[in-house]
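Visitor: Have a look at the structure that comes next, please.
Laboratory data are not the source of any read-out in this text; all were calculated from the coordinates shown. Quick caveat: nothing in here was measured; it's all calculated off a predicted structure. For neighbour counting, all protein chains shown are included, and Cβ atoms are generated from backbone atoms with ideal geometry for every residue, glycine included.
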Amino acid sequence: MYLLEPTMVATSSANVTPGFLRTLATYLPTEGLILDEAGRRAYECDALTLFRCLPRVVAIPESIDQVQAVLRLCHVNRVPVVARGAGTGLSGGAMPHAEGVLLNLSRLDATLEIDPVRRLARVSAGVRNLDISKAAEPYGLYFAPDPSSQVASTLGGNIAENAGGVHCLKYGLTVNNVVAVTLVTIEGERLSIGTPQGEAPGFDLLALIHGSEGMLGVVVEAWVELLPLPQDKQVLLAGFAEVTDCADAVAAIIAAGVVPAGLELMDRAAVIAVEEMVQQGWPCDLGALLICELDGSEAEVIDQSKQVINLLRCHGVDYLESATDVAEQARIWSVRKAAFPAIARLAPDTLVMDGSVPRRRLAAVLTRIIALAEAEGLRVFNTFHAGDGNIHPVILFDSRIEGELTRAEDLGHAILKLCVEEGGSITGEHGVGAEKIDAMCSQFTAVELRQFEAMKLAFDPHGLLNPGKQFPTLNRCAELGQLHVRHGHFPHPELPRF
């Protein structure tokens, strides 16, 4: 576990004065200000518990007006602000600042409007992902993005990290399902970005806000698209002797023009972990399992099912079952939904990685990951969104054993570097946060990194919003032996640092 020092920013503990706290309290509801250490301790990290930092103060507003007032006060007093939803993020994106305000948006939890004619919903940032679908269900509609944490994760956090889920292969990430957001800037100004009426003119700032991790502004409300519930659905469970055969089958399905609603891969180690926990008779003697969900009209599902089954057989499938019954479909999906809890039982600590690679390179990447893990003497379990090449290797380790945390981190960094080398990215849906700052040096040039920072400066000139996330210092990249070796130059020194 790391206890991180506050990142350099134009502030100090002197900025959070008794007068600042008294004024802050007047903007918030009763019990909306947490100052005691025990209360603040609950916010010291998100789901990436390796990184921890105790916030100076926690503010819990109940309205957009209160959010504006808090941000305006922090701007005037140069106090850092980190916005947080449900804390389910896995990259340390919501880790607080030691001398700043942790802005908890969980009380902004109203579903404000359902428009079944236009298939839209207007919801507050603190609404849980799954609750949007529940509110839309009476109209025969649902909200497609479904990250694994959807029972807890909030829409604001989903937008901040551009979250995905098992159905993002066909229906896209959060950015593909949001048509407008209300954003509050660090100065307390309320901006409307995008429009529920259709595509907005000018620059695509809506896409820019997705994945910005609360560094440009605080999302407080959004209009999201709703989809009709599928007419028909079929779920296939396929088993292969080798994980590489399973990965090749995934590439073949996509290459054939079939776009399943979901296409999830689990290696043998992950299946065994689930079976040991739930004991439902899952096949543990195979190299990998593949879950393929097809949806659409009845004729479409029947046609795609025939295509997929033929492709699976061409790639040596050893086990195959099909489910059209809702209960049986849920049973098949349960093996995937239980994967991460089952794996987490096996070691004191886990590190869930997140990268993306071209589908055609999945087999090669999985082979390399196994070799990298063996070299570090650590166990790795693979269960991930194979259809869009978004891998999630889970590294098991024990931080109490000297050197294991370092080896786990080194393995994680090697996996992310491998993703970049294979033409992929260091993140598919978890974001950069505090976890992948060094990996940014592997993927982007010095010029690109400084352009990212220039964009942030346009929204947040003093670097008060979620400081210390996403952007590595160029000196740090140089120390890692990456930027100056790969690109041989550093850009415009006149741009201020955070």
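Visitor: Under a plain spin-label model, where a point goes 7 Å from the Cα along Cα-to-Cβ, how far apart in nm are residue 134 and residue 447?
Guide: According to this spin-label approximation, the distance is 5.1 nm.
Visitor: Is it possible to state the helix-based mean residue ellipticity at 222 nm for the chain, with each DSSP H run of 4+ residues giving -39500 (n - 2.57), the sum divided by total residues, to the nearest 500 deg cm²/dmol? What is it? Provide the component values of the computation, followed by the final result.
Guide: On the way: 18 runs with 176 residues, N = 498.
Helix-only estimate at 222 nm: -10500 deg cm²/dmol.
Visitor: Follow-up question, since we're still on this one. Note down the net charge around residue 167, summing +1 for each Lys or Arg and -1 for each Asp or Glu among other residues with Cβ under 14 Å from its Cβ. Mind dumping the intermediate values first?
Guide: Details: positive: 170, 233, 336, 337; negative: 146, 225, 264, 293, 295, 388, 429.
After counting each charged neighbour, the total is -3.
Visitor: Summing Lys, Arg as +1 and Asp, Glu as -1, what charge do residues with Cβ under 11 Å from the Cβ of residue 235 carry, residue 235 excluded?
Guide: Around residue 235, the surrounding residues sum to -3.
Visitor: Among the GluC sites (Glu not before Pro) within the stretch 22-104, which fall in a DSSP loop and have no more than 11 other Cβ atoms within 10 Å of their own Cβ? Walk me through the numbers before you get to the answer.
Guide: Working: sites: 31, 37, 44, 62, 99; in loops: 31, 44, 62, 99.
Taking the stretch 22-104 and a limit of 11 other Cβ atoms within 10 Å, the loop GluC sites (Glu not before Pro) found are 31.
Visitor: Dipole magnitude of the stretch 2-104 about its Cα centre, charges +1 at Lys/Arg Cβ and -1 at Asp/Glu Cβ only, in debye to the nearest 20?
Guide: For this selection, approximately 180 debye.
Visitor: Add +1 for every Lys or Arg and -1 for every Asp or Glu among the other residues with Cβ under 11 Å from the Cβ of residue 376, and state the total.
Guide: Working: positive: 379, 407; negative: 374, 404, 409, 410.
Within the 11 Å Cβ shell, the charges total -2.
Visitor: Right, something else. Give a quick list of GluC sites (Glu not before Pro) in the stretch 370-425 that DSSP marks as loop, anything other than H, G, I, E or B, with at most 13 other Cβ atoms within 10 Å.
Guide: Filter output for the stretch 370-425: 402.
Visitor: Shifting gears a bit: Assuming 0.36 nm per residue, please report the length gained on full extension of the stretch residue 256 to residue 117 beyond their Cα-Cα distance. Mind showing how you got there, number by number?
Guide: Details: separation 139, 0.36 × 139 = 50.04 nm, distance 3.46 nm.
The residue 256-residue 117 span can extend by a further 46.6 nm.
Visitor: Another question about this same structure. Could you work out the Rg to Rh ratio of the stretch 246-307, with Rh taken as the Kirkwood radius (inverse of the mean 1/r over all Cα pairs)?
Guide: Result for the stretch 246-307 is an Rg/Rh of 1.06.
Visitor: Could I ask something else about it? Magnitude of the Cβ-charge dipole of the stretch 212-310, K/R +1 and D/E -1, about the Cα centre, nearest 20 debye?
Guide: 100 debye
Visitor: Sort 425, 153 so the one with the fewest other Cβ atoms within 10 Å of its own Cβ comes first.
Guide: 425, 153
Visitor: Output wanted: per-residue J couplings in Hz (rounded whole) for the stretch 222-235, from phi through Karplus 6.51 cos²θ - 1.76 cosθ + 1.60, θ = phi - 60°, x for Gly and Pro.
Guide: With coefficients 6.51, -1.76 and 1.60, one gets 8, 9, 10, 7, 10, 10, x, 4, x, 5, 9, 8, 9, 10 Hz.
Visitor: Right, something else. Divide, for the chain, the radius of gyration over alpha carbons by 2.2 N^0.38 Å, where N is the residue count.
Guide: 0.98
Visitor: Taking the radius of gyration and the Kirkwood hydrodynamic radius from Cα positions alone, what is the Rg/Rh ratio for the stretch 88-144, to two decimal places?
Guide: Ratio value, two decimals: 1.13.
Visitor: Could I ask something else about it? Which distance in nm do the two modelled labels at residue 189 and residue 370 give, with both placed 7 Å along the Cα-to-Cβ direction?
Guide: So the label points at residue 189 and residue 370 sit 5.5 nm apart.
Visitor: Order these by the 10 Å Cβ neighbour count, fewest first: 413, 430, 392.
Guide: With the sparsest Cβ surroundings first, the list reads 413, 392, 430.
Visitor: If you place +1 on the Cβ of every Lys and Arg and -1 on the Cβ of every Asp and Glu, how big does the dipole about the Cα centre of the chain come out, in debye to the nearest 20? Working shown, then result.
Guide: Numbers: 39 positive and 61 negative charges, 190 e Å.
Roughly 920 debye, rounded to the nearest 20.
Visitor: Kindly give the semi-axes, whole Å and largest first, of the ellipsoid equivalent to the stretch 358-464, taking each as the square root of 5 times a Cα gyration tensor eigenvalue.
Guide: Semi-axis lengths for the stretch 358-464 are 28, 19, 12 Å.
Visitor: Would you calculate the volume per residue, in Å³, of the smallest convex hull containing every Cα atom of the stretch 437-486?
Guide: 65 Å³
Visitor: Using the structure shown, list the pairs from 170/436; 306/337; 233/469 with a Cα-Cα distance above 29 Å, or answer none.
Guide: Beyond 29 Å: 233/469.
Visitor: Going by how many other beta carbons lie within 10 Å of each one, how would you line up 469, 134, 170, fewest first? Don't jump to the answer; show the numbers that get you there.
Guide: Numbers: 469 26, 134 12, 170 17.
Listed from fewest to most nearby Cβ atoms, that is 134, 170, 469.
Visitor: Starting from the Cα-Cα distance between residue 475 and residue 31, subtract it from 0.36 nm times their residue separation and give me the gain in nm to one decimal.
Guide: Between residue 475 and residue 31, full extension yields an extra 155.6 nm.
Visitor: Considering the options 196, 94, 15, tell which one lies farthest towards the positive end of the dipole of the chain, charges being +1 on Lys and Arg and -1 on Asp and Glu at the Cβ, about the Cα centre.
Guide: 15
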